[in-house]
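Here's the structure we're looking at; comments come further down.
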Amino acid sequence: MRYVALLNWHLAATTRSATLPGESAMLAKLIAEFAGSPLREALQWFTREKLWINEQHLQVCRIPAPTFFEQRRSEWMLAQFRALGCVARSDRAGNVIAHPVENREGPYVALTAHLDTVLAPRNNEEIFPGPDNRLHGPGVSDNGAGLTALLAIARLLSSFPGLEEIFRGVVFIANVGEEGEGNLSGMRYLCRQSTTGSRIRSFLILDGPNTDHITSQALASRRFDVTITGPGGHSWSDYGIANPVHALARAIAFFTEHRFPGSGSPRSSYNFGIIEGGSSINSIPSQARTKVDIRSESAGKIDEIASLLTGAVERALESENDRATGGKVTGKIKEIGSRPGGRLADDAPILQYVRAVDAHLGIRSHLDCASTDANIPLSLGLPAISIGAGGQGGGAHTSQEWFHPEGRELGLKRILLTLLLLLRDLDPSEFPRPTGNGSRNGSGNGPANGG
């Protein structure tokens, strides 16, 4: 069986030894040894198969997957995993779960990427490759890059006999509900309700392409729907009754009188992203609403800003009703999303692993704080980081989003080598020894582990 030395290294590895003195040098040596010998051919595969990888990227991005409507893309990903020989299924939340080989019990290292996008293409022509090899269109970077990386790693493992046994502890997850009002629903289900999730020891989350960051701190947020209602009426004959749009405009103005630091500590922000109301220019609206996103590195600061929002709405309602000569307005604030915070310790093994890999590959990266699928496992005290999947991109969450595949191979090598190190942390007593026949279940019937 090929890669025997690599497998024996995993089985003999000391769990969480990366925190021991001198471990950085040992990690560097191990990475260099295995990148240069048993894994050399596998790592070169990413360059050899870049046309296939680019084609998968184009195909997945042409399948619309706005938040709450990821089913078509989910079904496509499921079919691709099964075609690559993975044991794959969908769970109750709509996440796609795939194993390189049959592995019902775990433990697992999760490699994840979210399925949904903020904007969705209306037709295939909105996702198109340009003459400079850039891919253009909504979702091509966030998170077409991450989903493509899942398929690239899965195909790599199926292309080298025996390698899938080395990575049998990996579970691929294409999850729903990361963007906007999805409120991390796929990752919440995975971490809090799924039997598979209970067996995951660490999370390597792929979000976007760029490799210059490692998200190790989860940015907490709260989201609110503010709705103001009134009797409504004719703009001339009913003039003078309280107007919900006027009240909402005052509420936003009152709230934005407060200035919150966009830099410094704790960094905080707010955004009124949607405003709705009214039916015609000559009708007094019966309803107006807005949706606001509040974020901060401090949970206490988020609560403080949320209280200011409540105060601004109450003040606006009072002001509009005082001015009215007729029917009054009322208001309601509903929380529609809450993302928990959390952070890794600076000496966490998962951070040491990815930094060691970055040093080997010459990647210059920095730690950052962001809101990603990593929020959920980090809030539960589970090792998790979010990184880019390779390549370059920009314009996320806009119709001008783009992705360039230059440097994608570097990002994929980074993922593979980091997975290799994360697998060392699986308890050797739980890490099953292979049968040596490299068997895989091609029927696509997933393991009966509850999801």
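The values are calculated or read from the model by the stated rules, or taken from the named source; none is laboratory data. Note that the structure is a prediction, hence the values are computed from the model and not measured. Note that each Cβ is placed from the backbone with ideal geometry, even for glycine, and that neighbours are counted across all protein chains shown. The area values use the complete protein model at the heavy-atom level, side chains included, leaving out ligands, DNA and RNA. Shrake-Rupley method; radii C 1.70, N 1.55, O 1.52, S 1.80 Å.
With the Cα gyration tensor of region 132-216 giving a ≥ b ≥ c as the square roots of its eigenvalues, does the rule (a/c under 1.5 for rounded; else a/b larger than b/c for prolate; else oblate) give rounded, prolate or oblate?
Because a/c hits 1.5 or more and a/b fails to exceed b/c, region 132-216 counts as oblate.
Of F160, N210, G180, which is farthest along the charge dipole of region 141-233 in the positive direction, counting Lys and Arg as +1 and Asp and Glu as -1 at C-beta?
Checked the options; the winner is F160.
Kindly identify region 78-150 as rounded, prolate or oblate by the Cα gyration tensor criterion: order the square roots of the eigenvalues as a ≥ b ≥ c, call it rounded if a/c is under 1.5, otherwise compare a/b with b/c, prolate if a/b is larger, else oblate.
Taking the square roots of the gyration eigenvalues as a ≥ b ≥ c, region 78-150 is prolate.
Compute the distance in nm between two label points, each set 7 Å from the Cα along the Cα-to-Cβ direction, one at R104 and one at E181.
Rounded to a tenth, the inter-label distance reads 4.1 nm.
When N counts the residues of the chain, how does its alpha-carbon radius of gyration compare numerically with 2.2 N^0.38 Å, as a ratio? Before the final figure, lay out each step's value.
Numbers: Rg = 24.8 Å, N = 451, 2.2 N^0.38 = 22.4 Å.
The chain yields a ratio of 1.10.
Quick one: work out the % antiparallel among DSSP beta bridges in the chain, nearest 5.
DSSP beta bridges in the chain are roughly 70 percent antiparallel.
What lysines could a cross-link reach from K332, if we take a straight Cα to Cα line under 19 Å and drop same-chain neighbours fewer than 8 places away?
Partners within reach: K291.
Would you calculate a helix-derived [θ] at 222 nm for the chain, using -39,500 (n - 2.57) for each DSSP H run of n ≥ 4 and dividing by the full residue count, to the nearest 500?
Mean residue ellipticity at 222 nm (helix-derived): -11000 deg cm²/dmol.
Can you classify region 41-105 as rounded, prolate or oblate using the Cα gyration tensor, where a ≥ b ≥ c are the square roots of its eigenvalues, rounded means a/c under 1.5, and otherwise it's prolate if a/b beats b/c and oblate if not?
The shape class here is oblate.
Rounded to the nearest 5, what % of DSSP beta bridges with both residues in region 78-187 are antiparallel? Working shown, then result.
On the way: 9 of 15 bridges.
Of the beta bridges lying entirely in region 78-187, close to 60 percent run antiparallel.
In whole Hz, with x marking every Gly and Pro, tabulate ³J(HN,Hα) for region 57-68 from phi via Karplus 6.51 cos²θ - 1.76 cosθ + 1.60, θ = phi - 60°.
In residue order, the calculated couplings are 4, 4, 5, 5, 6, 7, 9, x, 8, x, 3, 6 Hz.
Which whole-Hz ³J(HN,Hα) couplings does region 251-258 yield from phi under the Karplus relation 6.51 cos²θ - 1.76 cosθ + 1.60, θ = phi - 60°, glycine and proline marked x?
Result, ordered by residue: 4, 5, 5, 4, 5, 6, 5, 7 Hz.
Taking Cα pairs under 8 Å and at least six residues apart, what relative contact order does the chain come out at, in percent? Walk me through the intermediate numbers first.
Numbers: 999 pairs, mean separation 114.5, N = 451.
Relative CO of the chain lands at 25 percent.
Please identify which residues in region 290-315 have an amide N closer than 20 Å to a label point set 7 Å out from the Cα of H366, following the Cα→Cβ vector.
Once the point is set 7 Å along Cα→Cβ of H366, 296-298 turn out to lie under 20 Å by backbone N, inside region 290-315.
Provide the FRET efficiency to the nearest 0.05 for the T330-A79 pair, computing r from the beta carbons and using R0 = 60 Å.
Between T330 and A79 the formula returns 0.75.
May I ask you to list the aspartates and glutamates whose Cα is less than 12 Å away from that of K328, ignoring any residue fewer than eight positions away on the same chain?
Reachable aspartates and glutamates: E318, E320.
Please state the charge dipole magnitude for region 365-414, taken about the Cα centre, from unit charges on C-beta atoms (+1 on K and R, -1 on D and E), reported in debye and rounded to the nearest 20.
140
Per residue, how much accessible surface does the chain expose to a 1.4 Å probe? Answer in Å², no decimals.
42
Please state the charge dipole magnitude for the chain, taken about the Cα centre, from unit charges on C-beta atoms (+1 on K and R, -1 on D and E), reported in debye and rounded to the nearest 20. Provide the component values of the computation, followed by the final result.
Values: 45 positive and 46 negative charges, 129 e Å.
Dipole size: approximately 620 debye.
If you roll a 1.4 angstrom probe over the protein chains with everything in place, what fraction of the accessible area of the chain belongs to carbon and sulfur, to the nearest %?
So the carbon and sulfur contribution to the accessible surface is 49 percent.
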